[in-house]
Each structure stands twice: as C-alpha cells, then as structure tokens.
Amino acid sequence: MIVVFGSINMDLVATVRAIPRPGETVLSPGYRTLFGGKGANQAVAAARVHDGRVAMVGRIGRDGFGEACRANLAANGVTVEPLVADDAPTGCAFITVDSRGENAITVASGANGNVAAVDLPEALLGPDTMAVMQMEVPLAASLAAARRVKAAGGSVVWNFAPAPSAIAAEDLAALLAHTDIFVVNELEARAAATLLEAAADDWDAAACTVARLGHTTCVVTAGAAGAVSYAPDGSRLHAAALPVTPVDTTGAGDTFVGILAAEMVAHGHLAVALRRACIGASLACVAEGAQTAMPTRTALVAADTAPD
Ligand code: RIB
C-alpha cells in the first residue's frame with residue numbers, strides 16, 4: 001500500500017508571457033482553478049498507474065476548495081477516509097506559467113500547516129506500507145510519521161521539495177535516517193548538501209555526497225536530462241526523459257515521485273522504476289495543470305518502449 005502524507009492545494013494558474021520580477025505587474029487573460037498540492041499530486045500520480053491501494057493523509061479546510069479536492073482524490077481512486085477537516089482554509093497555490101512552460105509558485109499553506117503525525121491512522125502502517133513525504137506540511141509531523149512507518153517495517157520515499165532555506169542539522173540527519181529513497185531536483189540536491197555542511201561543486205557531486213552521508217539512495221530529477229540515482233557506495237543509474245515540448249512543467253516532479261513509489265511497490269526494481277518515473281514526468285508536461293496530463297498505467301506502459 002502507498003500512503004502519501006502531505007499537502008493538498010487548489011492551484012490558481014495564470015499564463016503569462018514572462019514571470020513577473022519583484023515589483024513588476026504583468027497581465028494574464030485569465031486564470032484556471034486546478035487541483036494541486038505536492039502530496040495530492042503524488043497520490044494521484046501513483047493511483048493512476050498503481051493496481052493496489054493509495055491512501056492520502058492530510059488536511060483540507062471546511063470550504064468549497066476542500067470538498068472539491070476530496071472529491072477529486074476519490075475520483076482518481078485515492079482512499080480519502082484519513083483526510084482531516086481543519087478550521088484553517090484549504091491550501092491554495094498561486095501559479096504563473098510562462099511561454100516556455102516554466103512556473104513560479106506561491107503556496108498559502110492554510111490547513112496543510114496543521115497536519116500532525118496523529119493524522120496517520122495505525123491501520124495504514126505495516127511492512128507493506130510505502131510512505132511518501134514532501135516538505136509542504138510541518139517537518140516535525142512528517143518526521144514523526146516517518147518514524148512510525150519505519151518502526152512498523154515500512155519504507156519511505158521523501159521528496160525534499162520545496163527545499164527549506166533552513167533546517168536543523170539533526171532534523172535533516174533524522175530525515176535521511178528514516179528515508180529509503182530521497183528525491184530532489186538539481187537545486188534541492190545542492191541545498192541538501194549545503195545543509196549537511198558538505199562542499200559540492202555541482203548537483204552530481206551534491207547528490208553523491210547526500211547518498212553517502214545519509215546512507216540512503218538519492219535520486220535527482222534533472223528535467224529534460226532525465227534522472228540519476230546515487231547509492232551510498234557511489235554507484236549510479238541514469239534514466240532518460242522523453243523528448244516533449246513542455247506546455248506546463250507544474251507537477252512533473254510530483255508525477256515522477258508518485259510513479260517511482262508505485263513502481264517500487266509493484267516490483268522493486270529501481271532501474272525500471274526510474275525509467276517509468278521519467279517517462280511519466282515527461283508526459284505530465286504536455287498540458288496545463290499539475291494533474292491534467294498525468295498518465296494512466298496503459299499510457300505509461302505504451303510510452304515505455306525499453307525492455308525490462
Ligand atoms: O509541485 C507542484 C505543486 O506545488 C502545485 O500543484 C502547487 O500546489 C504546489 O504545491
């Protein structure tokens with residue numbers, strides 16, 4: 001079973017010619033209201049390709065956005081019974097997307113800021129549990145939840161996004177100690193190495209260092225360059241992205257994480273999981289919105305032409 005412990009947002013998305021600089025105002029013809037939140041995106045990405053159960057643990061407000069987010073998760077086959085209704089409003093992300101498909105995001109956390117480790121029901125814990133964490137709910141809650149997952153014999157995929165500008169060294173050490181696969185982009189890899197007070201010239205060196213010091217597998221997503229995994233002993237695997245023309249890269253990293261977790265639960269082969277996660281993330285970039293273009297299992301397998 002996959003258990004995503006994390007954030008749920010409604011995304012308000014405006015397309016602009018260029019993302020505004022500080023102090024600048026730009027005009028957009030309108031905006032779209034789309035489902036998002038790193039946690040919810042990862043749960044939907046996993047559920048679209050996974051045969052087994054995917055559960056979402058998180059908080060929504062007692063408002064229209066919250067009910068719509070709950071219904072969307074359920075419609076995508078995600079178990080929503082663990083969701084907690086909170087007094088704070090549902091999380092909301094303000095997203096601008098430019099003509100190259102790049103984005104800038106501001107997240108108003110709302111109910112996500114009240115997520116607690118007790119929200120994770122004991123019934124979801126066991127040796128078959130693969131928990132998926134990110135950095136949009138309180139770190140203390142995610143850490144306590146990860147400890148419970150590991151104590152029950154389960155495993156943890158931790159997406160270090162968005163990378164915090166500051167985190168106590170002991171917290172990052174504890175995070176890595178309770179993580180089986182640590183997923184970062186190039187910037188987050190360097191941020192993690194810096195937080196570990198390790199010198200690294202580039203993201204490759206940074207990821208290598210994080211894997212070695214953290215005694216965990218570190219996976220770096222590198223956009224059009226695909227993804228690389230680093231084992232603590234320094235060995236690496238590379239997987240390629242599909243050549244697509246991106247419309248909106250929002251949620252591509254979340255698609256990668258959700259599919260990686262689903263594939264690891266399904267068969268446990270990191271090389272195949274990495275390859276399929278890259279393919280899924282590429283496919284997710286060809287339409288506006290985080291969840292719109294996430295592939296189904298059929299679409300994912302059809303796009304994967306490599307032999308296992
Ligand atoms: O990773 C993309 C997500 O980040 C968006 O859906 C937005 O909600 C923010 O959480």
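The values are calculated or read from the model by the stated rules, or taken from the named source; none is laboratory data. The model shown is predicted, which means the values in this text are computed figures rather than measured ones. Glycine also receives a Cβ, built like all others from the backbone with ideal geometry; neighbour counts cover every protein chain displayed.
If the condition is being within 16 Å of the ligand (Cβ to nearest atom) and either exposed (fewer than 10 other Cβ atoms within 10 Å of the Cβ) or under 23 Å from Ile60 (Cα atoms) (or both), then segment 15-31 contributes only Tyr31.
Considering only residues in segment 146-173 that are of a type in the set (Val, Ile, Thr) and either part of a strand (DSSP E or B) or surrounded by 20 or more Cβ atoms within 10 Å (Cβ to Cβ) (or both), the one that is farthest from the ligand (Cβ to nearest atom) turns out to be Val149. Applying the criterion of being of a type in the set (Ser, Thr, Tyr) and in a strand (DSSP E or B) to the residues of segment 94-136, the residue that is farthest from the ligand (Cβ to nearest atom) is Thr96.
Annotation note: Cβ proximity below 8 Å between a residue of segment 57-71 that is free of Cβ contacts under 8 Å to residues at least 12 places away in the same chain and a residue that is surrounded by 15 or more Cβ atoms within 10 Å (Cβ to Cβ) (sequence gap 6+ or interchain) occurs for Glu67/Ile60.
Selection within segment 163-183: residues that are of a type outside the set (A, V, I, L, M, F, W, C) and at pLDDT 95 or above. The member of this set that is farthest from Ala141 (Cα to Cα) is Asp180. In segment 51-104, what residues are of a type in the set (A, V, I, L, M, F, W, C), surrounded by fewer than 16 Cβ atoms within 10 Å (Cβ to Cβ), closer than 30 Å to Ser28 by Cα and within 19 Å of the chain's Cα centre (by Cα)? Passing the criteria: Phe94, Ala104. Being hydrophobic (A, V, I, L, M, F, W, C), closer than 23 Å to Ser155 by Cβ, assigned to a strand (DSSP E or B) and more than 16 Å from the ligand (Cβ to nearest atom) is a description that applies to Cys218. The set of residues in segment 181-195 being more than 16 Å from the ligand (Cβ to nearest atom) and surrounded by fewer than 17 Cβ atoms within 10 Å (Cβ to Cβ) consists of Thr194 alone.
Pairing residues of segment 105-128 that are within 17 Å of Ala88 (Cβ to Cβ) with residues that are in a helix (DSSP H, G or I) and away from the ligand (no atom under 16 Å from the Cβ), at Cβ distances under 6 Å and at least 6 apart in sequence or on separate chains, gives Val115/Ala141; Ala116/Ala141. Counting the residues of segment 36-62 that are hydrophobic (A, V, I, L, M, F, W, C) and within 18 Å of Ala88 (Cα to Cα) gives 3.
Here is a yes/no grid of residues against (1) touching a His at 6+ places or on another chain (Cβ under 9 Å); (2) hydrophobic (A, V, I, L, M, F, W, C); (3) surrounded by 21 or more Cβ atoms within 10 Å (Cβ to Cβ):
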{"residue": "Met264", "(1), (2), (3)": "no, yes, yes"}
{"residue": "Arg275", "(1), (2), (3)": "no, no, yes"}
{"residue": "Met294", "(1), (2), (3)": "no, yes, yes"}
{"residue": "Ala299", "(1), (2), (3)": "no, yes, no"}
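Just one residue in the set Leu213, Leu176, Leu143, Leu242 is touching a residue at least 40 places away in the same chain (Cβ under 8 Å), more than 16 Å from the ligand (Cβ to nearest atom) and not in a loop (DSSP other than H, G, I, E, B); that residue is Leu176. Of all the listed residues (Ala140, Ala108, Ala145), the sole one being under 12 Å from Gly6 (Cβ atoms) and either out of contact with any Ser or Thr (no Cβ under 7 Å at 6 or more places or on another chain) or hydroxyl-bearing (Ser, Thr, Tyr) (or both) is Ala145.
Taking the criterion of being farther than 14 Å from Asn112 by Cβ, outside any loop (DSSP other than H, G, I, E, B) and more than 12 Å from the ligand (Cβ to nearest atom), the residues of segment 44-66 that qualify are Ala46, Ala47, Arg48, Val49, Val54, Ala55, Gly64. Residues in segment 67-93 that are away from the ligand (no atom under 12 Å from the Cβ), closer than 14 Å to Asn9 by Cβ and outside any helix (DSSP H, G or I): 4 in all.
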